[in-house]
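Visitor: One structure, pasted below without further comment.
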Amino acid sequence: MPRPPSPSIPEKEFVYGALKEGLRVDGRLPLEMRTPALAFGPELGWVECSLGKTRVLAQVDAKMVKPPPERPLEGIISIHSEISPMASSDYELGRPSDEEVTITRMLDKVLRRSDVVDKESLCVLAGQRVWHLRLTIHCLADAGNMLDCACLAGVVALKHFRRPEVEVVGEEVTVHHPSERAPVPLSMHHTPYCLTFAYFPDASTKPVLDPTHLEQRLSAGMLSIALNAQRELCVVQKAGGVPLAADEILRIVDVAVDKAKELDKLVEQRLKEDWAGRTVEVR
């Protein structure tokens, strides 16, 4: 794919100079996030997440399938992410960029491999019927730090989703329509949040949290940390060649813990507000 144009020399000098003084182009502090905005759709499991001008849409749907013979008691979770040229002219259809591959792999680690959803709770009839959850992530606009936005959208979509109530009598499985019985929330082990820090070539420049598109381009390395509000570390991923001391990583993890707690409060509050205004009719 064609290489995106590099920032101009005056742009580089201006951004590097500002960062050395602890300032950012958009007026934030070095370790300050853009406040996430969450919008819920008419269906359960439909969430649009925005970090500034970065926008990601996440949607969860469920269907009943036969489980693979090696895991007869576990449901299936699959994650599909799509970054089209609509998000940015840097992306091309059918030719995944390095960033797209990184985002897809990180989403898989954070949302599927860290056991966010209790897979055994998705089993309906052992070896015959399990729920298959499909999480689809659409990247609508890229203004920097799409990974954190996509992870947040995915986690909130899973928390927002409700699967249909199921009744099992012997070998017979009955799936009740939401109008007959209230749908059931997913059983979740924990709620991880991804936080990305950008490091710059000059060691005296402090790292920044939630980098913009320009800061991401000018960075010499990125450190992504996925953890939950209970201080449990799920994933640490470092992309780029800036060497980091162990003390620096521990300091950044402490910062990430505080931010994860703030995000957890925000998400719970928004979900409560949406649920209060939503009516699930049972006739």
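The values are calculated or read from the model by the stated rules, or taken from the named source; none is laboratory data. Since the structure is predicted, the reported quantities are computational estimates derived from the model, not experimental observations. Quick reminder, even Gly has a Cβ in these numbers, built from the backbone with ideal geometry, and neighbours come from all protein chains shown. Accessible surface is based on the protein model in full, side chains and every heavy atom, while ligands, DNA and RNA are left aside. Shrake-Rupley method; radii C 1.70, N 1.55, O 1.52, S 1.80 Å.
Visitor: Inside region 50-70, can you point out the residues that are assigned to a loop (DSSP other than H, G, I, E, B) and in contact (Cβ under 8 Å) with a residue 12 or more places away in the chain?
Guide: Gly52, Lys53, Lys66, Pro67, Pro69
Visitor: If you go through region 244-252 one residue at a time, do you hit one that is in contact (Cβ under 8 Å) with a residue 24 or more places away in the chain, among the acidic types (Asp, Glu) and open to solvent by 40 Å² or more (accessible area, probe 1.4 Å)?
Guide: no
Visitor: So Gln128 clears everything in (1) modelled with pLDDT under 90; (2) open to solvent by 50 Å² or more (accessible area, probe 1.4 Å); (3) touching a strand residue (DSSP E or B) at 6+ places or on another chain (Cβ under 6 Å) except one condition, right? Which one?
Guide: (3)
Visitor: Still on this structure: Out of the residues in region 192-238 meeting the condition of being under 20 Å from Lys261 (Cα atoms) and either part of a loop (DSSP other than H, G, I, E, B) or charged (D, E, K, R) (or both), tell me which one is nearest to the chain's Cα centre (by Cα).
Guide: Of everything passing the filter in region 192-238, Pro192 is nearest to the chain's Cα centre (by Cα).
Visitor: Quickly run through region 71-92 and pick out the residues that are over 22 Å from Leu152 (Cα atoms) and in a strand (DSSP E or B).
Guide: Glu92
Visitor: Also: Name the pairs whose Cβ atoms lie under 6 Å apart, with the first residue in region 1-23 and over 26 Å from Ala87 (Cα atoms) and part of a helix (DSSP H, G or I), the second at pLDDT below 80 and not basic (Lys, Arg), and 6 or more positions between them or separate chains?
Guide: From residues that are over 26 Å from Ala87 (Cα atoms) and part of a helix (DSSP H, G or I), there are no pairs.
Visitor: Take the residues of region 146-191 that are at pLDDT 90 or above and part of a loop (DSSP other than H, G, I, E, B): which is surrounded by the most Cβ atoms within 10 Å (Cβ to Cβ)?
Guide: Selected residue: Phe161.
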